[in-house]
Amino acid sequence: MNRHFVNACRVALCISLATTVMSASAQTPAAQPIHVRNIVLVHGAWADGSSWNKIIPLLESKGYHVTAVHLPFTTLADDAAAVKRAVALEDGPVLLVGHSYGGAVITEAGSDPKVAGLVYVAAFAPDAGQSAGDLNASVPPTPGAKEFRPDASGYLKLTDKGISEDFAQDLSAPEKKILAATQGQTSGPNELGAKVSAAPWKDRPTFYIVADNDRMIAPDLEKKLAAQMHAKTIHLASSHVPMLSHPAEVADFISAAAGGP
């Protein structure tokens, strides 16, 4: 065999191996496996910790220690502080899961060294210096946007019609009534308008559930955020509340993000 040909093959093989090694070392954080036992769930706006009532028993049956935070709904800083207090009480690394506005909250709280990964469920995922409101304003208004009603202090609630037709259109009538009755008033400028200080999704494994039938956050925005974060992503034919309309799929995805039971 021609000696020059053999040398050329060796060079080509070396280049190929070097490229493979470089590619592996440049693997995005989202592709890196994690293994955690503790899962902290963060609800979104116009909701409370009961948003996760269908998810908690499914995850606990898999052996996870699960905590659902109740946000104070005063400021983003206060909401993030509540999450950080929950993280501090855990006995090891934590997977943070945020729904809707809760995505901004876990982004703000997610730089905590105990946070091993982030799961966004039909959620906002701001970059540093962005707010949930900034992201929402970057796309045309969704149908649910017209159903917000402010009180005298500027705190927002969703109308019963908004809950039924836009927030949770794929739930049963009794479930919709419970959501309408238990929703919290959300501070527009102090929470939805507050900018996050960092973007921990840039250096942690990240996961995203896109709700394809979402009428509160535009599905195209959800897809864009998932792609921006290089998040491992699944799509569900769901309203804005996939954890209530597709609990088994959501629980399985969270479990997979945590590294399996």
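Each value in this text was obtained by applying a stated rule to the coordinates, not by laboratory testing. Note that this is a predicted model, so its numbers are computed, not measured. Counting neighbours? That spans all protein chains shown, and the Cβs are built from the backbone with ideal geometry, glycine included.
See the values below:
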quantity	calculated
Odd one out for residue 215 among (1) over 28 Å from residue 112 (Cβ atoms); (2) of a type in the set (Lys, Arg); (3) in contact (Cβ under 8 Å) with a residue 24 or more places away in the chain; (4) out of contact with any Ser or Thr (no Cβ under 8 Å at 6 or more places or on another chain)	(4)
Any pair with Cβ under 7 angstrom, 6 or more apart, that starts in the range 75-89 at a residue that is outside any helix (DSSP H, G or I) and ends at one that is surrounded by fewer than 19 Cβ atoms within 10 Å (Cβ to Cβ) and not hydroxyl-bearing (Ser, Thr, Tyr)	75/190
Odd one out for residue 119, checked against (1) over 21 Å from residue 219 (Cβ atoms); (2) in a strand (DSSP E or B)	(1)
Test: residue in the range 88-106 that is surrounded by fewer than 18 Cβ atoms within 10 Å (Cβ to Cβ), touching a Leu at 6+ places or on another chain (Cβ under 9 Å) and of a type in the set (D, E, K, R)	no
Top-ranked residue of the range 228-261 - restricted to ones that are part of a loop (DSSP other than H, G, I, E, B), in contact with a helix residue (DSSP H, G or I) (Cβ under 6 Å, 6 or more places away or on another chain) and not small (Gly, Ala, Ser), ranked as surrounded by the fewest Cβ atoms within 10 Å (Cβ to Cβ)	230
Subset tally (residues that are in contact (Cβ under 8 Å) with a residue 40 or more places away in the chain, closer than 25 Å to residue 257 by Cα and assigned to a loop (DSSP other than H, G, I, E, B)) for the range 176-212	7
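Residues are listed down the side, and each one gets a yes or a no for (1) among the polar types (S, T, N, Q); (2) under 21 Å from residue 124 (Cβ atoms):
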site	(1), (2)
147	no, yes
172	yes, no
183	yes, yes
193	no, yes
